[in-house]
Amino acid sequence: MSKTETPRRVLFAGYAPVHFICFQPLYERLRRMRGIEIVLSGGREAVAEGNGKLTARQLYAPFRLPPDRIVELDRIRKQTFDLVFCAHVSGYFPKDEQERIQLFHGVSFRNMAVRRDVLVYDRLFLTGPYMRRLFTESQMLRNRDPKLVNIGFPKLDRLVNGELDRATILRRVGFSGRRPVILYAPTGQKDNSLEHTGEAVLERLRATGKYDILIKLHDHPRDRGTDWPTRLKPLLDKHTRLATGLDVVPYMYAADLLLTDASSVSSEFSLLDRPMVFLDVPQLLAAMSKKGVALDLDTWGRKGGLTVRWPDEAVEAIAWSLAHPRHASRLRRAMARDLFYNPGHATDAAVDWVLQRLRALDEA
């Protein structure tokens, strides 16, 4: 890429696996290109919100990446990079860089990333028109501000581009495919559905003997006081499994219905236009409103499915939704168009932007 002998340096840094998963499609493309050096860093430096210290090597260990690409935070803070990517708002930054790019690690009706803190970035890789409106209508940025870049969500490309095979995914988790598959994916915020009605719902769904249930726990929940994998172990059997992979995308692709609460996974699942059931979490939503975040239940919110409060309601809503899969279909499709630019091709858009920017740096 670079006309000089020195390669252009690109840094990604995060503190949770999902952050790298959002960058991973770009990483896989850029790492093969001449003239570009990719460095990965991050982790957690201190105990916060129940989470312990985590080195960069520990963070990236599940991904089996080349060790020479992984650099600890204390070292990158003494280095210079051309482009720096982060998927969490506060970010980790080196000594110096040409541009900081925010990838975002999801879009939900909680809109926790839409705040002034994110303006420390030079570019915002917007997931879709909805996110653009949030930044402009709140008067944080003008609509023509060059910070706003229409990219989409590279993490979700394979959800819709034909890359995944459902039968293979089901075989890996141990399901035959003869029963409808329910994916339960609660958010990681305090007062999520798992902390209230989730276990009872799982017990009742399991008792019906009608479904294969896949539980995808959040990879960095705010409250680490409960060991949920151990606590849920008595519920697990050949038709109720705990998802062990870090990336939720294959599990979404394999699911006939999504059961969630206030997670960004509901936005992502809209791309598949399949039924959703939301477990109501009034305490969580009240806490969000009190914090002053841009909570938005009016635009799309939980309109893509049915919202229930009680375990028996959840079981009934799931059965009804599977029997009427086209209910709210038109709304889900409109939701997906509004939430995501370039579905299936967001990585292409992101890589094109990176190459154009690096080319501009070469010519400067």
- Task: Look through the stretch 124-140, keep the residues that are without any contact (Cβ under 8 Å) to a residue 40 or more places away in the chain and touching a strand residue (DSSP E or B) at 6+ places or on another chain (Cβ under 6 Å), and return whichever of them is nearest to residue 351 (Cα to Cα).
- Result: 124
- Query: Mind checking which pairs have a first residue in the stretch 156-177 that is within 13 Å of residue 250 (Cβ to Cβ) and a second that is assigned to a helix (DSSP H, G or I) and among the acidic types (Asp, Glu), Cβ under 6 Å, 6 or more apart or different chains?
  - Reply: 156/268
- Note on the structure: Across (1) in a loop (DSSP other than H, G, I, E, B); (2) over 21 Å from the mean Cα position of the chain (by Cα); (3) aliphatic (A, V, I, L, M), residue 107 clears everything bar (2)
- Item | Restricting the stretch 240-252 to residues that are assigned to a strand (DSSP E or B) and not hydroxyl-bearing (Ser, Thr, Tyr), the residue that is nearest to residue 17 (Cα to Cα) | 242
- Give me the pairs, please: first residue somewhere in the stretch 49-69 and farther than 16 Å from residue 220 by Cα, second residue anywhere and part of a helix (DSSP H, G or I) and modelled with pLDDT of 95 or more, beta-carbon distance under 7 Å, and either six or more positions apart or on two chains. 63/20
- Name the one entry in 133, 222 that is surrounded by fewer than 21 Cβ atoms within 10 Å (Cβ to Cβ) and modelled with pLDDT under 95. 222
- Item | Residue ID - nearest to the chain's Cα centre (by Cα), chosen from residues in the stretch 253-278 that are outside any helix (DSSP H, G or I) and of a type in the set (D, E, K, R) | 261
- Note on the structure: The condition from (1) more than 22 Å from residue 19 (Cα to Cα); (2) crowded, with 17+ Cβ neighbours inside 10 Å; (3) acidic (Asp, Glu) that residue 261 misses is numbered (1)
- Is there any pair with a first residue in the stretch 237-262 that is of a type in the set (Lys, Arg) and a second that is in a loop (DSSP other than H, G, I, E, B) whose Cβ atoms are under 7 Å apart and which are 6 or more apart or on different chains, and what are they? 238/174; 241/174
- Hey, among 118, 114, 84, which residue is touching a residue at least 24 places away in the same chain (Cβ under 8 Å) and either assigned to a loop (DSSP other than H, G, I, E, B) or of a type in the set (Phe, Trp, Tyr) (or both)? 114
- Message: Scan the stretch 283-303 and tell me whether some residue there is closer than 23 Å to residue 164 by Cβ and either modelled with pLDDT of 95 or more or assigned to a helix (DSSP H, G or I) (or both).
- Response: no
- Query: Among (1) at pLDDT below 95; (2) at positive phi, where does residue 52 come up short?
  - Reply: (2)
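The values are calculated or read from the model by the stated rules, or taken from the named source; none is laboratory data. Owing to the predicted nature of the structure, the values given are computational and were not obtained by experimental measurement. Positions of Cβ are generated from backbone atoms using ideal geometry, with glycine treated the same way; all protein chains shown enter the neighbour counts.
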